[in-house]
Amino acid sequence: MRVVTSVSGSIVMRVSGDEVIPDRAIRPQDLLGFLERTYGLTRSQIAPNNQPPFLLQDGQLKIGEELLAVMQIAIYPNGDVITAQNTDVAEVLLKDYTTQLDVELGFKFGAAKKTLSYLSNIVVQFDEAIDGPLSILGELDTIIGDAIQTQEGPIKFKRLAFGRGDPIPGQVFPMTLDMLDKVDFLIERRTNEPYSENKFFCSAPLSSSEHVKVLEQIEKVLLKGR
């Protein structure tokens with residue numbers, strides 16, 4: 001299996017707002033303005049009346065000679081989500097983000113109890129077709145293809161998902177933290193790529209590195225006996 005690209009990686013920090021709020025009052029517009037100046041972010045217009053969630057996008061953090069892209073910062077009443085190229089970068093950004101807020105605005109993230117979780121989106125290319133003739137998915141292709149005859153070509157495996165609770169619509173935006181906790185482990189064919197390329201978009205509530213390890217294990221199972 002080859003990792004083609006990391007689309008995005010998010011780190012989700014759950015924390016009590018009561019535990020981190022500054023002792024002196026701070027207005028939402030002051031917090032958002034500070035983040036815009038610090039990271040060059042652009043404020044989203046989704047949140048009405050200065051009520052969370054607050055969404056800021058398309059910024060960067062300079063560390064030495066290196067520039068790290070900040071895809072998005074989402075601020076909720078009970079936590080924040082930092083999204084970057086992968087979860088390793090998101091972790092670096094989160095550390096800087098909480099430090100900056102503590103030092104410059106009087107927040108108390110450093111002393112607060114925090115729970116971290118992850119979301120990783122990557123594109124991979126499997127070494128062989130995971131729905132080949134000798135695989136379980138290939139057998140299902142045959143069963144369904146025999147039942148559904150089309151002129152456009154044979155029925156092929158497109159998507160596989162694992163999760164808990166009800167399915168979450170893919171276009172919900174912004175997601176709540178509860179929704180983020182229920183994101184499915186997903187493997188689906190990459191759009192605009194021929195099936196012969198064996199390229200898949202994969203999403204998982206895991207760090208980027210752990211996500212790759214699990215996909216490698218899945219590939220071994222699906223290609224077993226090939």
Within segment 82-94, does at least one residue satisfy the condition of being over 18 Å from Ser8 (Cβ atoms), within 19 Å of the chain's Cα centre (by Cα) and either surrounded by 22 or more Cβ atoms within 10 Å (Cβ to Cβ) or basic (Lys, Arg) (or both)? no
Matching option when the condition is in contact (Cβ under 8 Å) with a residue 12 or more places away in the chain and more than 25 Å from Lys108 (Cβ to Cβ), among Ala69, Ala74: Ala69
Quick check, is Ile122 touching an Asp or Glu at 6+ places or on another chain (Cβ under 9 Å) and touching a residue at least 60 places away in the same chain (Cβ under 8 Å)? no
Any chance you could count how many residues in segment 208-226 are touching an Asp or Glu at 6+ places or on another chain (Cβ under 8 Å) and not hydrophobic (A, V, I, L, M, F, W, C)? 4
Output for segment 109-132, where each listed residue is surrounded by fewer than 16 Cβ atoms within 10 Å (Cβ to Cβ) and of a type in the set (Lys, Arg): Lys113
Can you work out which of the residues in segment 44-63 that are modelled with pLDDT of 90 or more and touching a helix residue (DSSP H, G or I) at 6+ places or on another chain (Cβ under 8 Å) is surrounded by the most Cβ atoms within 10 Å (Cβ to Cβ)? Phe54
Given (1) closer than 18 Å to Glu36 by Cα; (2) touching a residue at least 40 places away in the same chain (Cβ under 8 Å), index of the condition Lys95 fails: (2)
From the option list Phe201, Phe157, single residue qualifying as among the hydrophobic types (A, V, I, L, M, F, W, C), at pLDDT 95 or above and surrounded by 14 or more Cβ atoms within 10 Å (Cβ to Cβ) is Phe201
The residue that is farthest from Val7 (Cα to Cα), considering only those in segment 76-115 that are touching a helix residue (DSSP H, G or I) at 6+ places or on another chain (Cβ under 8 Å) and of a type in the set (Val, Ile, Thr), is Val81
Restricting segment 181-201 to residues that are over 15 Å from Gly138 (Cβ atoms) and among the basic types (Lys, Arg), the one farthest from the chain's Cα centre (by Cα) turns out to be Lys199
List, please: which pairs have Cβ atoms under 7 Å, are six or more places apart or on different chains, and start with a residue in segment 209-225 that is more than 22 Å from Val89 (Cβ to Cβ) and end with one that is modelled with pLDDT of 90 or more and part of a helix (DSSP H, G or I)? Leu222/Leu137
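The values are calculated or read from the model by the stated rules, or taken from the named source; none is laboratory data. Remember, it's a predicted structure, so these values are computed and weren't measured experimentally. Every residue, glycine among them, receives a Cβ derived from its backbone with ideal geometry; neighbour counts consider all protein chains shown.
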